[in-house]
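Below is one structure, written out as structure tokens; comments come after it.
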Amino acid sequence: QQQVRQSPQSLTVWEGETAILNCSYEDSTFNYFPWYQQFPGEGPALLISIRSVSDKKEDGRFTIFFNKREKKLSLHITDSQPGDSATYFCAASGSTNAYKVIFGKGTHLHVLP
Amino acid sequence: EAAVTQSPRNKVAVTGGKVTLSCNQTNNHNNMYWYRQDTGHGLRLIHYSYGAGSTEKGDIPDGYKASRPSQENFSLILELATPSQTSVYFCASGDAGTQDTQYFGPGTRLLVL
């Protein structure tokens, strides 16, 4: 069974701190890793993504670090804001079935003012 | 303007009853997906479709049917609803081709009594 694992399950940081969300996977054929952000009562929305040919992707305060050898990646949110409080899903898909995306169970991020 | 809409947004059903969840997308995407979201499980794929007339089983298809009568519409059908199907259901659409973003609807909260 293909799996994407996320840790921690829940994370609390103070405003201005850097939040680090971790993700790992098992299937070496995975080559695309999107992160989705979900606010309560809404559907998930793409936040940032990375392909396995890169080891870093940056978009404003959000950065993905990718380690292909260890099959691990992390999402860093710098200068965290209360508005960043949400659930973050790491996901993965591969060339064998590009239409099918495997989601992790999510990390609940709480940013305290 | 919302590109993926779902109806109803909330539904209460009785055990053994038939439930139809509807999804409409104006993205002109070929691919559409149905997920359920439960605490501790993240997002799990129920059925997906490559285009009008096609449906494919996802990871947890048992107890569910899907119908894709047109490019825009994708329905999820519970012929004999059970309390274990109480969940939040999300529809998503995505471009054909490799690993494009999935765009999610706002979700349908289903309670089966």
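Only residues that are part of a strand (DSSP E or B), open to solvent by 50 Å² or more (accessible area, probe 1.4 Å) and aliphatic (A, V, I, L, M): list them for the stretch A:46-77, please.
So in the stretch A:46-77, the residues part of a strand (DSSP E or B) come out as A:46-51, A:56-59, A:62-67, A:72-77.
Retained after the next criterion (residues that are open to solvent by 50 Å² or more (accessible area, probe 1.4 Å)): A:46, A:51, A:56-59, A:65, A:67, A:72.
The answer is A:L46, and nothing else.
Considering only residues that are within 14 Å of chain B (Cβ to nearest Cβ) and open to solvent by 70 Å² or more (accessible area, probe 1.4 Å), which ones fall in the stretch A:4-37?
Hits for the stretch A:4-37 are A:R5, A:Q9.
What number goes with the only condition from (1) within 14 Å of another protein chain (Cβ to nearest Cβ); (2) not in a strand (DSSP E or B) that A:S80 does not pass?
Evaluating A:S80 over (1) within 14 Å of another protein chain (Cβ to nearest Cβ); (2) not in a strand (DSSP E or B) leaves (1) as the failure.
Kindly indicate which of B:L76, B:L80 is more than 14 Å from the chain's Cα centre (by Cα), at pLDDT 95 or above and outside any helix (DSSP H, G or I). Let's see the steps before the verdict.
On the way: B:L76 fails: more than 14 Å from the chain's Cα centre (by Cα).
None of the other options fit; the residue is B:L80.
With respect to B:Q25, is the statement that it is in contact (Cβ under 8 Å) with a residue 12 or more places away in the chain, away from chain A (no Cβ under 14 Å) and open to solvent by less than 50 Å² (accessible area, probe 1.4 Å) true? If you could, list the steps in order and put the result at the bottom.
Numbers: in contact (Cβ under 8 Å) with a residue 12 or more places away in the chain: yes; away from chain A (no Cβ under 14 Å): no; open to solvent by less than 50 Å² (accessible area, probe 1.4 Å): yes.
Answer is no for this residue.
Does the stretch A:38-45 include one or more residues that are open to solvent by 40 Å² or more (accessible area, probe 1.4 Å), within 14 Å of another protein chain (Cβ to nearest Cβ) and closer than 14 Å to A:F103 by Cβ?
Here is the first cut: in the stretch A:38-45, the residues open to solvent by 40 Å² or more (accessible area, probe 1.4 Å) are A:39-42, A:45.
If we keep only those that are within 14 Å of another protein chain (Cβ to nearest Cβ) too, we end up with A:39-42, A:45.
From the residues that got through so far, the ones that are closer than 14 Å to A:F103 by Cβ too are A:45.
The answer is yes; a qualifying residue exists.
Hey, can you tell me all the residues within the stretch A:1-48 that are among the aliphatic types (A, V, I, L, M) and out of contact with any Asp or Glu (no Cβ under 6 Å at 6 or more places or on another chain)?
Restricting attention to the stretch A:1-48, the residues satisfying the condition of being among the aliphatic types (A, V, I, L, M) are A:4, A:11, A:13, A:19-21, A:45-48.
Listed by number, the residues that qualify are A:V4, A:L11, A:V13, A:A19, A:I20, A:L21, A:A45, A:L46, A:L47.
What's the number of the only condition in (1) open to solvent by less than 80 Å² (accessible area, probe 1.4 Å); (2) under 11 Å from the mean Cα position of the chain (by Cα); (3) within 11 Å of another protein chain (Cβ to nearest Cβ) that A:K105 fails to meet?
(1)
The values are calculated or read from the model by the stated rules, or taken from the named source; none is laboratory data. What you see is a predicted model, and the numbers here were worked out from it, not measured in a lab. FYI the Cβ positions are ideal-geometry reconstructions off the backbone, even for glycines, and counts take in every protein chain you see. Accessible surface is based on the protein model in full, side chains and every heavy atom, while ligands, DNA and RNA are left aside. Shrake-Rupley method; radii C 1.70, N 1.55, O 1.52, S 1.80 Å.
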